[in-house]
Amino acid sequence: MNRCRLAILMLSTLLSVSVYGANPFLDATDNRPVSAKVRGTEWGGNIDEGEITLTARVITTPVAKMPWGAIFKIEFTDLKSRAQNRRKIQPEYFIVTDNQIALLNEENNDAAVKKISALDKPPEFEPGEIYGITSGSFDHEDGLWKTTIRLKGDLCIYDSSHPSGHFKKIIWKKGTGLLEYASGYGAHADGYRLRRTAKS
């Protein structure tokens, strides 16, 4: 085997081991948690002023890395506002491949992370689990729920809504990760919107 063939073989082997190059919208180069301040508003039945300021910190933690992708935990901490009842936002787990971001929504996500991280290829995602793409566009309907994912410049915008007023919106930004996270129930009955302000 000559040097040229050897070099090609070594390169192809390296690429096959590191198939997951990185998803531009959600990646962790040093495998450490990334913390950032977020700021926005919240509203609900116990808030008389309509909408009030809500601040928090979002922490994105890589919990598993595989040759084909990675799994991240995104959680909101230190939520503060003038509301009498402090809001709680449940952490979410996302499975990330080169071209998709999918929600991991199992009864026991920690156990699911261990199971999925042992796979030699990514699992098949249901359309309702897709929360991010890197090319094209995405449309999905589940009953009255309508979901779209669109790419605009360096942003990936996930937008899901129901005629009753329920909605969820997530904006991913290249090289940044989660930029905006919003969720609401009913006709402005309860909800919040948070947007990243600074990285720390």
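Numbers for the structure displayed
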quantity	calculated
Accessible area (Å², 1.4 Å probe, nearest 10) - VAL38	10 Å²
Solvent exposure, largest accessible area first (probe 1.4 Å, DNA, RNA and ligands not counted), of ARG86, ARG57	ARG86, ARG57
Among ILE47, ILE171, ILE74, residue whose mean-square fluctuation peaks in a GNM of the chain (springs only between Cα atoms under 10 Å)	ILE47
Unit Cα scatterers, Debye sum, the range 116-200: log10 I(q)/I(0) for q = 0.11, 0.16, 0.17, 0.24 Å⁻¹	-0.37, -0.74, -0.82, -1.18
Anisotropy class of the chain from Cα gyration tensor, a/c 1.5 cut	prolate
The chain: angle of helix 3-17 to the longest principal axis, Cα-based, in degrees nearest 10	30 degrees
Of THR55, THR97, THR77, the one that fluctuates the most in a GNM where the chain has Cα springs shorter than 10 Å	THR77
GNM top mover of PRO122, PRO163, PRO62 - the chain, alpha-carbon springs below 10 Å	PRO163
Over 24 Å (Cα to Cα) - which of LYS65/LYS115; LYS37/LYS146; LYS37/LYS121; LYS65/LYS173; LYS65/LYS152; LYS37/LYS174 fall in this group	LYS37/LYS146; LYS37/LYS121; LYS65/LYS152
Where HIS188, HIS140 fall by accessible area, highest first, once all protein chains stay in place (1.4 Å)	HIS188, HIS140
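The values are calculated or read from the model by the stated rules, or taken from the named source; none is laboratory data. These numbers were taken from a predicted model, which means no experiment stands behind them. Note: areas computed on protein heavy atoms with side chains; ligands, DNA, RNA excluded. Shrake-Rupley method; radii C 1.70, N 1.55, O 1.52, S 1.80 Å.
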